[in-house]
Every structure is written in C-alpha cells, then in structure tokens.
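Down below is the structure, laid out as structure tokens.
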Amino acid sequence: MGKKAPKMKSITKSKTKTHKQKVKSHKKNKNISKQKYRTKQRSESQDKLKKPEAPLTDYLTHKSNYIAVRFIFECGIKLGLKHITICSAAVYFHKFYKHVDETAYDNYSIASATLYLASKVQDETIRLRDLINVCYHTLHRDAAPLRLAEDYWNFRDSIVHAEMLIMRIVQFDTTFDHPHHYFLHYVQTLRPVFYSKHGKDIIVFKKAYDFLHDFYHSSDILQFKAQHIAIACIELAIKVYGIPSQIIDYEIKSWYQQLFAKKRYYIVYKI
C-alpha cells in the first residue's frame, strides 16, 4: 500500500497539467478569435471610409492641352520619374505650344516627346521602349501589349521626330527656374512660425505642394516669377486651412513681406 501512493500522486499531477493546458489553449483561442473580430471590424470601417476612386481619363476623347499635361503627369509617375523631371516636361510642352498652333500637331505625341527630352535634361534617362509602352497603354488602356511591328516603329519615330522639332521651336533653351527650389526654403522658414501641435502645418504645406503641381497644367506658369508662384501656393494653402500665427499679424504685414523686409538671401539648391 505504501508503494501505490506515489503512483496516485503522479496520476493526479498529470491530470492537473492537462487541465491547465486545455484552459490555456482555450484562452488563446478566445484571444485569437477576438483579434480576428476586431481586425474584421477595422477593415469594414476602413472600407466604408475609403473615398471612391476617380475614373480613369479617356485621353483619346480629349484634345485640350490641359488634359495633355495630365497625361504627362500620369505617364511620368508610372515611369517613376522625379517631380522636377515631370514638371520640366510640362514646361517644354507649354513652351512649344506658345509658338505653334494647337491644332497643327498631335499633343499626345508632343507630350511623350517632352517626357523623353526632360529625362535627358535632368539626367534621369529612361529607355525609349519603356516610354513607348507606358504612353501607348495610357492612351489605349484596354489594348493588347504593343508588339515590335509597324505600330511600334511608327510611334517610336513620331517621338524621336517630335523631340527634334521641340528643340528647334524652343531654340535649344531647356533652362527654367522652377518654383520648387524656392518652395522648400520658404517652407523651412515658415514651419516654426505656423507650428501646429496636431501636425496641421504639414498638411498645409503638402496641399501647397499639390497647388504648385496643379499650376503646371496651365501655360501661365511661364508668365510669373518662380518666387511669386511658390509664395502664392503657400499663401493659398494657409488661407484654405486657416492656420493662425502668433508671430505674424496680417493686419500689419503679411508673412512674405516679413521675409523680404529682413532682406534674407536664400541659397537655392537643385532638388
């Protein structure tokens, strides 16, 4: 009888261990199910809050230069080009049509050629075949891949000849003072002045950057100074969001007049 007692203890210990393991596994399953339920609720709430996607532009039904610049931006983003390169292409497009009748040339061939030219000027060269494929599928969204046949070589020749034509019309002047160079330094100067605890100042400057890119859709980008364009975009974003400043009093003097009154000279770096 004395030898059987330890055996009974071992049996009870094993039973308690298995019971504890079952309880732990049950709790884990409950936690996992709760997490899955929460993630489902979050995903459903996020789906409800998602904005509806804008419809894709059918470029072949539009022949305006405004839509052609949008075509430049879309193709440039697909190709992974820098913002300054895409904006340079838009500038070359506006410069070309400043001296030429709008109906004389196909604006999408000119737009494709300006992207190719801007990539060379900004030292961000891209393969011509990649440019052709992106531009073709942006114009013909549901079309099959373009084969190395007659259509491909015709499109390629049109881009090459259009690039040479643009250089002649622009008189080989590819220089342009972009507002981006001044925009960055104005933002760095103004951010401590318009500081917001909730990060609202960052939203404002991002919106000002969007306004700057939107202005490239218009040929008026050629008529104004780069400093004035950068200031106008920032001022418009500040007025849209209504950020107050404890330092600058608009009744006495606006923020850009304060900057020029101090006669600060900003070193402009290329982005």
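The values are calculated or read from the model by the stated rules, or taken from the named source; none is laboratory data. Note that this is a predicted model, so its numbers are computed, not measured. In this analysis, Cβ positions are derived from the backbone assuming ideal geometry, glycine residues included, and neighbour counts consider all displayed protein chains. Ligands, DNA and RNA are excluded from the accessible area calculation, which covers all protein heavy atoms including side chains. Shrake-Rupley method; radii C 1.70, N 1.55, O 1.52, S 1.80 Å.
Filter the trypsin sites (Lys or Arg not before Pro) in region 54-161 down to the DSSP loop ones having no more than 12 other Cβ atoms within 10 Å, then list what survives.
Details: sites: 63, 70, 78, 82, 95, 98, 120, 127, 129, 141, 147, 156; in loops: 63, 82, 127, 141, 147.
Filter output for region 54-161: 127, 141, 147.
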By accessible area with a 1.4 Å probe, ligands and nucleic acids excluded, highest first: order of 123, 142, 210: 142, 123, 210
Region 105-181: projected area of the alpha-carbon convex hull, averaged over directions, in nm²: 6.1
Globularity index of region 95-224, i.e. its alpha-carbon radius of gyration over 2.2 N^0.38 Å: 1.37
For region 144-193, the fraction of alpha-carbon pairs in successive 10 Å shells from zero, as %: 19, 22, 19, 20, 15, 5
Most to least accessible of 150, 102, 124 (protein chains only, probe 1.4 Å): 150, 102, 124
